[in-house]
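The values are calculated or read from the model by the stated rules, or taken from the named source; none is laboratory data. Remember, predicted model here, so these are calculated numbers, not experimental data. Quick reminder, even Gly has a Cβ in these numbers, built from the backbone with ideal geometry, and neighbours come from all protein chains shown. Ligands, DNA and RNA are stripped out before the accessible areas are found, and what is left, the full protein with its side chains, is counted by its heavy atoms. Shrake-Rupley method; radii C 1.70, N 1.55, O 1.52, S 1.80 Å.
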Amino acid sequence: MTEILAPAGDKNSALAAVNAGANAIYLGLKEYSARSSAENFDYENFEEISKYCHAFGVKVYVAMNTLVKDGELKNFISSAVTAWNKGADALIISDIFLGKFLKENCPEIILHLSTQAGVCNAYGARLAKKYGFSRVILARETAIEDIEEIAKIIETEVFVQGALCTCFSGQCYLSSFAGGNSGNRGKCKQPCRKKYSIDREGFEDSAYRLSLSDLSVGENIDRLVGVGVASFKIEGRMRRPEYVSAAVKYYKNLLKNVENSAALSDLKRTFNRGNYTKGLAFGQDKSFISSQVQGHIGEFVGIIKVENGKFICQSRQKFSKGDGFKILRGGKEVGGAIYLGEAKNGFILSSKARLKNGDKAFITTDTALNARLLSTDKNIPINVEINLFAGKKAQVFINGNAFTGETALECAQSRPITVEEIQKAFKKVDKYPFEVRFGAINTDGVFMPASELNALRRTVYAKFYDNLTATNRKVITPNCVFSQKSSVKNVKIAAICTNFSNITADIGILKLNDFYADISALVRNFKGEKYLFLPPYLTGKEIEKVKDIVKGFDGIYCDGIYGIELASELDKPLFAGTGFNISNRADIEMCKAKYIALSKELTASEAADITAENSFYLTAGDIKVMDLIYCPFEKRCATCDKRENYTLTDENGRKFPLRRYKTGACRFELYNCASLAASTPTGTLLDCTLQSEPQKIIEICKNDKALREYFKNYTRGHSELSVF
């Protein structure tokens, strides 16, 4: 069955999803949720909503998709097992190694691999299946051709609606390094939604250069059905219940092939950033970047006309008190407005901004719509039959299931209980979503106080509900043993460079500016181990090209988990890059790469606790904070200056290097505004991608003072500061 999967940031959103017809919901607990700012659920509330969903045949997936540090391992495992025991149908895990560890120790648990793991090609899908995952939630950037190949390998879940991250899934560190709030830890402050300028003609003005429109696949969902996608995911655990309801109904209608224009209007009015994009699965479209408007834009409803100092919105549509609007001029937001009352040929708006003739009004809060979207309650029809006979225990049948009272009933001495009184008592459904219908009610004139009758109802309904929602699974107890820290310290130096000329290091990692260029001159005369740098995202077609290049190297350094399967196929050793986010002993134990780069979000002390003889820690040079799989210049290829390096400047004047490289298509990397100068508890990893003197950095990398003096504008990164 095709699954519509809805977000549930709180109880009300979960109820809205079920009432709208969702087949499944996903939610977070109070810990380890990548949406920690959502209300989320404690165990008691989770168990309650899980039972409610199961009563309607709706599955519940629990997102535990954050980076887990070593000191949190035991608590994470305990939380995962508790969520499973309390009714989760699957756990969404972003750390593929921690998931493998959990599956080996608790094989009953069903695991879905989070989009944060960055599965974008068949190699990543095969790895997920091999490690025990039942489903992969694909990176939002995955091409339709690769989606089709992945769906042949493993059950596949794809985003169809909601916010898009500007950075490739699981590889964003901008919030982490620019503000100390890690997106990988669920604390993202969304710096990508701020204004920036870029030093390219036409992009010098400050605008929302990295802010993407909301995804809305819409009718293209048919193409996803056609390639075998099993689950269609709506993003939005931070959004309101009416949005959840509108989105579920919109996609349910699409799958049923019913007329859907009204449902699309409802969806736009509940949340719409940038008038929507179809997403990268189908190629970057003109509406992909929302550079002029950040936030909910709503739906266009009319043009402003100023008459006698009043702002009249010319529209045939009817609105009411409490409705809110956003006003755009030349595509840019100029302010908000609220409904005041009707006017000839439209309605009057009140706004603190000075509106002008020709401004466009978009409704962002439609009170009548919101009420309508949340007005439907879903109920379970139950047929109730009751036998109350003197000398026998009460019998209640619900949908054919028999329940018996505790004590025998007595014959009435004066007034016997009536059928009407019995029905009145059992029409009360308490907290349960029941729609009561009565079958036969039989009694021979017994006496039963109202308090006992109500107690019987409560007991019977509770038992029926528990039976209806029971998972009937065995309660499991974790018994996990973690490996001990290695006593052998790695003293090797590995350097990421775009050219190996005049470089001396134990391991050289070549990062190409163009995967189609002749690279022979770049690696000539290098004496150390030669590894080819592979970015976290490559399509299946691009990997075929890479296979030829890898032949001239000793191994591959990869920032995506697909590198494990690719290295195995090519019989080449793997250097697992910082993009693997190795953060705990379970990761170290499960990752069988020749070399391992620890997460750049660990402190030096945290890294020291999990070091191994093959581990490395990013110590100096550049800090890559984003991988962009789209063109930030809106694919204006005809006027492109084809530079390799640009500068992104924020409103505080901080300058972030923006590197362009080619895998066939143009891709971009964003780097931190300050270079890294830190110490390392293990092997030294240097990122010299943008450095003009990489050999100089190699020579001084183990001298903190020399590093700081060399860079001048530097940061200690997270070596001394933990991220939250």
Of the candidates 407, 376, the one satisfying the condition of being more than 30 Å from residue 305 (Cβ to Cβ), part of a loop (DSSP other than H, G, I, E, B) and β-branched (Val, Ile, Thr) is 376
Applying the selection to segment 646-656, what residues are touching a strand residue (DSSP E or B) at 6+ places or on another chain (Cβ under 6 Å) and either among the polar types (S, T, N, Q) or open to solvent by less than 40 Å² (accessible area, probe 1.4 Å) (or both)?
646, 647, 648, 649, 650, 656
Can residue 458 be described as touching a residue at least 60 places away in the same chain (Cβ under 8 Å) and either under 35 Å from the mean Cα position of the chain (by Cα) or surrounded by fewer than 17 Cβ atoms within 10 Å (Cβ to Cβ) (or both)?
no
For segment 606-623, enumerate the residues that are open to solvent by less than 30 Å² (accessible area, probe 1.4 Å) and among the acidic types (Asp, Glu).
622
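Condition first: of a type in the set (Val, Ile, Thr), out of contact with any Ser or Thr (no Cβ under 8 Å at 6 or more places or on another chain) and open to solvent by less than 40 Å² (accessible area, probe 1.4 Å). Can you find one or more residues in segment 252-269 that meet it?
Within segment 252-269 (the criterion being of a type in the set (Val, Ile, Thr), out of contact with any Ser or Thr (no Cβ under 8 Å at 6 or more places or on another chain) and open to solvent by less than 40 Å² (accessible area, probe 1.4 Å)), the answer is no, since none of the residues qualifies.
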Residue 430 meets each of (1) on the phi > 0 side of the Ramachandran plot; (2) open to solvent by less than 70 Å² (accessible area, probe 1.4 Å); (3) not polar (S, T, N, Q) with one exception, condition (2)
Restricting the first residue to segment 485-499 and requiring it to be under 17 Å from residue 608 (Cα atoms), which pairs with a second residue that is assigned to a loop (DSSP other than H, G, I, E, B) and of a type in the set (D, E, K, R) meet a Cβ separation below 7 Å and a spacing of at least six or different chains?
485/609; 486/613; 488/613; 490/613; 492/506; 493/506
Between 117, 139, which is open to solvent by 10 Å² or more (accessible area, probe 1.4 Å) and among the hydrophobic types (A, V, I, L, M, F, W, C)?
117
When you scan segment 456-464, do you find a residue that is part of a loop (DSSP other than H, G, I, E, B) and either modelled with pLDDT of 95 or more or polar (S, T, N, Q) (or both), even just one?
no
Condition check: within 15 Å of residue 383 (Cβ to Cβ), surrounded by fewer than 15 Cβ atoms within 10 Å (Cβ to Cβ) and not aliphatic (A, V, I, L, M). Does residue 473 satisfy that?
no
Check 134, 206, 197, 175 and return the single one that is of a type outside the set (Phe, Trp, Tyr), farther than 30 Å from residue 648 by Cα and either open to solvent by 10 Å² or more (accessible area, probe 1.4 Å) or touching a Cys at 6+ places or on another chain (Cβ under 6 Å) (or both).
134
Search segment 633-671 for residues being acidic (Asp, Glu), under 15 Å from residue 200 (Cα atoms) and assigned to a loop (DSSP other than H, G, I, E, B), and hand back the single one that is farthest from the chain's Cα centre (by Cα).
641
